[in-house]
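I have placed the structure first, in the form of structure tokens, so that the comments after it can refer back to it.
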Amino acid sequence: MTGTNPVSIENLWVRLDGRTVLEDVNLEVREGDFLGMIGPNGGGKTTLLKAILGLLKPSHGKVRVFGTSPEAARKRVGYLPQKSLFDQRFPVSALEVVMMGRYGRKGLLGRYTPEDRDAASSALEAVGMEEHADREIGGLSGGQQQRIFVARALVSEPDLLLLDEPATGIDSSRLGEFYELLRDLNEKMTIIMVSHDISAVSTYVKKIACVNRKLYYHGSKELTAEEIEEAYQCPVEMIAHGVPHRVLREHD
Amino acid sequence: MIEIFAYEFMQRALIAGIIASILCGVIGIYVILNRIVFIGGGIAHTAFGGIGLGYLLGRDPLIFAVLFSVAAALGIGAISDKSKVSEDTAIGVFWAAGMSLGIVFVSLSRGYAPDLFDYLFGNILAVSWNDVLLISVLTLAMLVLVALLYKDLLILSFDSSYGEAVGLPVRELRLLLLCMVALSVVVLIKIVGIILVIALLTIPGAIGRQHARSLTRIMALSILLGASFVLVGLVASYLLNIPSGATIILAAAGTFFASTILSR
């Protein structure tokens with residue numbers, strides 16, 4: 001079964017500009033997983049997502065997505081990039097932004113059909129934004145925009161969802177609601193979520209991996225204090241070892 | 001006022017101006033959204049090298065302007081993409097080198113270049129039927145390209161890093177957009193001149209953006225605005241005997257300032 005896992009990574013090394021960003025990463029993500037990926041800034045979390053998307057060539061090792069190359073599997077993958085600094089006054093409606101997620105199915109020069117429009121409406125519905133379809137994207141709140149971008153990742157009807165810091169820009173009072181949405185989506189698809197919000201991650205995801213050049217992962221929510229400290233390269237205080245697995249930032 | 005359009009040169013000027021407005025309205029908003037206004041300036045000034053070469057060889061300068069401006073678009077695009085030279089540095093180098101080449105070629109031709117000033121500041125009254133034909137063909141080609149690539153250009157302009165992630169050929173599409181800007185610049189040289197090109201390319205779109213919320217509406221509004229600026233500029237140019245490029249741009253800039261103040 002390993003061969004057709006959503007993500008299967010063996011001995012992955014990635015070097016960028018002469019610097020080793022990922023070192024000997026091994027990872028199996030199974031169908032239905034909700035994997036939270038934590039780690040310090042610059043630790044390689046985004047790089048790992050890009051390798052899974054096939055946007056970076058490994059220096060060494062193998063990345064398989066649904067048993068095939070990342071490029072070939074791209075149609076089955078939905079992607080939410082790290083909050084992009086788009087022009088808040090860009091003249092585009094929420095619906096048009098969601099439609100962009102159909103690109104993988106249409107390709108260059110492909111024209112949108114009623115089917116694409118229906119898919120976009122369903123994706124908006126899935127994130128609870130259907131009444132905002134015709135609003136200009138810049139007129140929505142940060143959290144609403146983030147929902148629109150989740151819809152854009154969903155509109156290609158993916159089997160694997162890659163989310164890079166999806167909670168950015170969302171009001172803390174709305175965070176729970178947002179993570180519930182992701183948990184609902186997880187019933188239909190495998191999700192890998194990069195985040196630095198360790199406590200939130202540990203509450204909602206099924207498994208946790210820690211990335212800092214190397215990947216620390218046992219296929220569960222359990223990571224030892226030593227592993228997290230090694231990953232973060234600084235002392236990390238852990239409280240309430242068990243469920244939910246909570247970690248605090250460095251202490252002095 | 002109607003009677004001044006009884007002259008054939010005025011009719012040609014009006015037709016050329018309206019076609020150019022259509023082109024500016026459609027391409028201009030992409031220039032604004034992709035923040036490539038100054039790449040447009042660099043491309044336009046590089047085209048002067050082609051104008052000069054045309055003089056030197058005794059051929060139609062606009063044909064060489066096409067070659068130079070497309071080369072500038074690809075050059076600036078490739079340099080800022082692949083090398084460590086930043087985009088504005090590349091623009092500056094092409095800008096100055098193109099102008100210098102133009103001056104060298106014109107000097108070498110030793111001939112009298114009576115309409116050189118027209119290429120720099122535009123003279124819509126000197127537009128020939130051949131020019132109208134060239135402008136129409138280029139505009140039609142641009143419109144077809146935009147219609148075919150509308151969805152792809154929207155992704156490129158809105159969020160190119162997302163485009164890259166979903167497999168959009170971002171680099172190629174961007175170079176294509178720069179080439180489209182280059183060809184638009186050539187169309188506009190006859191009308192407002194090299195130095196004023198970026199104004200006509202961007203002002204209608206900039207005003208349109210203040211008043212319309214969707215891309216297609218901004219395009220429609222920009223076309224109407226552009227055509228009005230050309231009309232007003234033409235009449236003012238005729239009545240006051242001032243070069244048309246300047247009157248058209250001043251009509252546009254005046255409207256832009258008024259619109260900016262009113263829409264605050």
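For the stretch B:149-169, does any single residue satisfy the condition of being modelled with pLDDT of 90 or more, surrounded by fewer than 18 Cβ atoms within 10 Å (Cβ to Cβ) and part of a helix (DSSP H, G or I)?
Yes, the stretch B:149-169 contains a residue that is modelled with pLDDT of 90 or more, surrounded by fewer than 18 Cβ atoms within 10 Å (Cβ to Cβ) and part of a helix (DSSP H, G or I).
So B:MET180 passes all but one of these: (1) within 14 Å of chain A (Cβ to nearest Cβ); (2) in a helix (DSSP H, G or I); (3) buried (at least 18 other Cβ atoms within 10 Å of the Cβ); (4) not aromatic (Phe, Trp, Tyr). Which condition number does it fail?
(1)
Of everything in the stretch A:55-74, what is facing chain B (nearest Cβ under 9 Å) and either buried (at least 17 other Cβ atoms within 10 Å of the Cβ) or in contact (Cβ under 8 Å) with a residue 24 or more places away in the chain (or both)? Give them in sequence order.
Across the stretch A:55-74, the qualifying residues are A:LEU55, A:ARG74.
Would you say A:VAL77 is crowded, with 22+ Cβ neighbours inside 10 Å and within 11 Å of another protein chain (Cβ to nearest Cβ)?
In short, yes.
Considering only residues that are free of Cβ contacts under 8 Å to residues at least 40 places away in the same chain, within 11 Å of chain A (Cβ to nearest Cβ) and not small (Gly, Ala, Ser), which ones fall in the stretch B:135-157?
Scanning the stretch B:135-157 gives B:LEU145, B:LEU148, B:LEU149, B:TYR150, B:LYS151, B:ASP152, B:ILE155.
Identify all residues within the stretch A:84-119 that are within 11 Å of chain B (Cβ to nearest Cβ), in a loop (DSSP other than H, G, I, E, B) and either more than 21 Å from B:LEU33 (Cβ to Cβ) or not hydroxyl-bearing (Ser, Thr, Tyr) (or both); write none if there are none.
Scanning the stretch A:84-119 gives A:LEU85, A:PHE86, A:ASP87, A:ARG89, A:PHE90, A:PRO91, A:VAL92, A:GLY107, A:LEU108, A:LEU109, A:GLY110, A:ARG111.
List, please: which pairs have Cβ atoms under 7 Å, are six or more places apart or on different chains, and start with a residue in the stretch B:174-199 that is in contact (Cβ under 8 Å) with a residue 24 or more places away in the chain and end with one that is in a helix (DSSP H, G or I) and polar (S, T, N, Q)?
Every condition considered, the pairs that remain are B:ALA182/B:SER69; B:VAL185/B:SER69; B:VAL186/B:SER69; B:VAL187/B:THR139.
The values are calculated or read from the model by the stated rules, or taken from the named source; none is laboratory data. No experiment lies behind these values; they were computed from the predicted model shown. With ideal geometry, Cβ positions are generated from the backbone for all residues, glycine too; neighbour counts draw on all protein chains shown.
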